[in-house]
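The values are calculated or read from the model by the stated rules, or taken from the named source; none is laboratory data. Everything quoted here is computed from the prediction, not taken from an experiment. Cβ placement follows ideal geometry from the backbone for every residue including glycine, while neighbour counts extend to all protein chains displayed.
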Amino acid sequence: MSSRVRLSEDAITTALADVPQWSREGDAIVRTADAPDFPAAIRVVDAVAGQAEAMDHHPDIDIRWRTLRFVLSTHSAGGLTSLDFTLAARIDEALRAESAA
């Protein structure tokens, strides 16, 4: 199955269990996290940018001082795909590396 094929509702529910810090908002998954400080938040964004570019799958990122909000959806598929959940797990790793919660 292609990573850009829209997931079924059951598959989305199962995938969300693997990324418990994420929640569903319509056709997207979202996570908000606080980094220890602004430079740490920027390091997270930089790490995520590298992962996203390698995957050719780019999140929406909102930076407010040390608070980061990520939104993932595969627009070309009209909803959520396995790419979104793979990138969510990689974002979680980047956040952990900077002690962000």
Inset, instruction - Please verify whether the range 10-27 includes one or more residues that are out of contact with any helix residue (DSSP H, G or I) (no Cβ under 9 Å at 6 or more places or on another chain), among the polar types (S, T, N, Q) and not in a helix (DSSP H, G or I). - result: no
Inset, instruction - Test R69 against the stated conditions and say whether it is modelled with pLDDT of 95 or more, over 21 Å from R6 (Cα atoms) and of a type outside the set (D, E). - result: yes
Inset, instruction - Give the range 51-82 a look and list any residue that's small (G, A, S), more than 12 Å from the chain's Cα centre (by Cα) and within 15 Å of V30 (Cα to Cα), or say none. - result: G79
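With the structure loaded, tell me whether F85 is over 21 Å from R24 (Cβ atoms), of a type outside the set (K, R) and either more than 12 Å from the chain's Cα centre (by Cα) or buried (at least 18 other Cβ atoms within 10 Å of the Cβ) (or both) or whether it fails that test.
Values: over 21 Å from R24 (Cβ atoms): no; of a type outside the set (K, R): yes; either more than 12 Å from the chain's Cα centre (by Cα) or buried (at least 18 other Cβ atoms within 10 Å of the Cβ) (or both): yes.
No.
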Legend entry - Filter result (aliphatic (A, V, I, L, M), farther than 15 Å from L72 by Cα and surrounded by 12 or more Cβ atoms within 10 Å (Cβ to Cβ)) within the range 10-37: A11, A35
